[in-house]
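The values are calculated or read from the model by the stated rules, or taken from the named source; none is laboratory data. Keep in mind that this is a model prediction, so the values were computed, not measured. Ligands, DNA and RNA are excluded from the accessible area calculation, which covers all protein heavy atoms including side chains. Shrake-Rupley method; radii C 1.70, N 1.55, O 1.52, S 1.80 Å.
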Amino acid sequence: MDSNMSKFTLRADSCVLKKFRYVAEYNARSANRELENLMKIHVSNFEDEHGKIDLDNI
């Protein structure tokens, strides 16, 4: 595994997770890649509204 990749455990309702995996497959992605893509979009939208997040200050 790439040393730059972090692990994250997620607990979710089984019905929601099954549907999420269906959507991911529809988009030709793994559930992990689908979630990573959604996270990037969410962060980008946040930064568009509130300004760039400075990782050095976190």
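Okay, here's what the table says:
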| read-out | value |
| --- | --- |
| Extended-chain gain in nm, criterion 0.36 nm per residue less alpha-carbon gap, residue 13 and residue 27 | 2.9 nm |
| Rounded to 10°, Cα long-axis angle of helix 31-50 versus longest principal axis of the chain | 30 degrees |
| Kirkwood hydrodynamic radius of the chain, from inverse mean 1/r over distinct Cα pairs, in Å | 13.5 Å |
| Per residue solvent-accessible surface (Å²) - the chain, probe of 1.4 Å | 100 Å² |
| Heavy-atom accessible surface of segment 16-56: percent carbon and sulfur, 1.4 Å | 56 percent |
| For the chain, calculated [θ]222 nm from helices alone, where every DSSP H run of n ≥ 4 adds -39500 (n - 2.57) | -19000 deg cm²/dmol |
| Degrees, to the nearest 10: 14-26 long Cα axis against longest axis of the chain | 80 degrees |
